[in-house]
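The values are calculated or read from the model by the stated rules, or taken from the named source; none is laboratory data. As the structure is a computational prediction, the values presented were derived from the model and not from experiment. Cβ coordinates were reconstructed from backbone atoms using ideal geometry, including for glycine residues, and neighbour counts include every protein chain displayed.
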Amino acid sequence: MIQDIDKFVIQDGVKCPRIPPWPHPGRNNLLAGLPLVPILGLALYILIKTSPLMLAIWLLAFFLFAWPLRYLVCARCPYYGRHCSTIMGKLVPRMFKKQEGKSMKLGLWLDVVSFLFLFLLPAPAAYEVGGITLALVWVGAFLLLFVFLSFFACAHCPLTFCPIGRGGRIFRKIFQK
């Protein structure tokens, strides 16, 4: 029994291995986050051409997603300060103290809402700026992010209550058949 306690930690009722379940940091961290680069670039391009106000709102939402929302997710994660599916496991200790024993569920749901907002806000403007081609590139960038997260992050994550992780694991199973 004592050995079992040493091997696992409980987070929101889920038994998580103490050792991070993702492959060695490097390739997976990079691949899981890589689609954020074109998403940021496309959003800047699209919103600079259409509306400085919408650009400011989108950048504020992106900042809220990238900084304070990490408090509700990453600072409460059992892999805080260790390598994970993103670079945030190592960065968050520089941002926030560990929030031991606090739930991650609200933060994970807010991640979904944030991603939906970050996706939807520039979508009509993408069509306005570049027609169906740019609109499809915009949709494709988010789809690529979901695919990369599914294969390089969520498939290894023990946090079964994560809404993005659930979708990612289902998505990966479909494509592995």
Filter segment 118-129 down to the residues that are crowded, with 16+ Cβ neighbours inside 10 Å and of a type outside the set (A, V, I, L, M), then identify the one that is nearest to residue 143 (Cα to Cα). 119
Condition check for residue 161: surrounded by fewer than 17 Cβ atoms within 10 Å (Cβ to Cβ) and under 21 Å from residue 18 (Cβ atoms): yes
Under 24 Å from residue 60 (Cβ atoms) and either within 18 Å of the chain's Cα centre (by Cα) or among the polar types (S, T, N, Q) (or both): which single residue out of 125, 141, 155 fits that description? 141
On the given criteria, is residue 123 touching a residue at least 24 places away in the same chain (Cβ under 8 Å) and under 17 Å from residue 36 (Cα atoms)? no
Subset of segment 11-51 [among the hydrophobic types (A, V, I, L, M, F, W, C) and in a strand (DSSP E or B)]: 14, 16
Across segment 66-76, what is the total count of residues that are aromatic (Phe, Trp, Tyr) and modelled with pLDDT under 95? 1
Assess whether residue 137 counts as being buried (at least 16 other Cβ atoms within 10 Å of the Cβ), touching a residue at least 60 places away in the same chain (Cβ under 8 Å) and of a type in the set (Val, Ile, Thr). no
Does residue 102 fit the bill of being exposed (fewer than 14 other Cβ atoms within 10 Å of the Cβ), over 21 Å from residue 62 (Cα atoms) and not aliphatic (A, V, I, L, M)? no
Considering only segment 31-51, I want to know if a residue exists there that is surrounded by fewer than 19 Cβ atoms within 10 Å (Cβ to Cβ), hydrophobic (A, V, I, L, M, F, W, C) and touching a Ser or Thr at 6+ places or on another chain (Cβ under 7 Å). no
Only one of 66, 43, 32 is among the small types (Gly, Ala, Ser) and farther than 18 Å from residue 164 by Cβ, namely 43
